[in-house]
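Following: one structure in structure tokens, then a few remarks.
The values are calculated or read from the model by the stated rules, or taken from the named source; none is laboratory data. Small disclaimer: the values here were computed from a predicted structure and weren't measured. Positions of Cβ are generated from backbone atoms using ideal geometry, with glycine treated the same way; all protein chains shown enter the neighbour counts.
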């Protein structure tokens, strides 16, 4: 029996010496489950955040592109609306010239008609401060129209203040 005890003692000593010499990683079931579930939750949260950030970024880019396109369309429309009165005026004067109502060979008459037309466009925009008085012409009809126009501008300037 002494022989059996002496053999067991070195085995017990060697197991104790091994535990002291190299500390063993002890993974308990509670820690394992906590780390496992925590890791899975962390992975799910990171995946959802990445997908949400990606879709939010794409939505932002799409909205900016739509906003830029609509702003460009609005600017084009506003420019067309701003230039429309001048285009309409020139088209009207062109029709009058084609019909022979305006003598295109008389440079003075054309100059007076164009000055009156430009002044009328300024009246339409209600920018009376920049409207110049129309001069008298050698043609009595144009002079009468210029006088009426100048009177109209003077009367409208009373309402500006």
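At-a-glance table
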item	result
Near pairs, Cβ below 8 angstrom, 6+ apart or cross-chain, from region 135-150 (in contact (Cβ under 8 Å) with a residue 40 or more places away in the chain and at negative phi) to any residue that is surrounded by 15 or more Cβ atoms within 10 Å (Cβ to Cβ) and part of a loop (DSSP other than H, G, I, E, B)	none
Condition met for residue 116 (part of a helix (DSSP H, G or I), surrounded by 10 or more Cβ atoms within 10 Å (Cβ to Cβ) and either modelled with pLDDT under 75 or touching a strand residue (DSSP E or B) at 6+ places or on another chain (Cβ under 6 Å) (or both))	yes
Residue that is modelled with the highest pLDDT, among those in region 89-105 that are in a helix (DSSP H, G or I) and loosely packed, with under 11 Cβ neighbours inside 10 Å	98
Matching option when the condition is at pLDDT 80 or above, within 21 Å of the chain's Cα centre (by Cα) and part of a helix (DSSP H, G or I), among 44, 72, 50	72
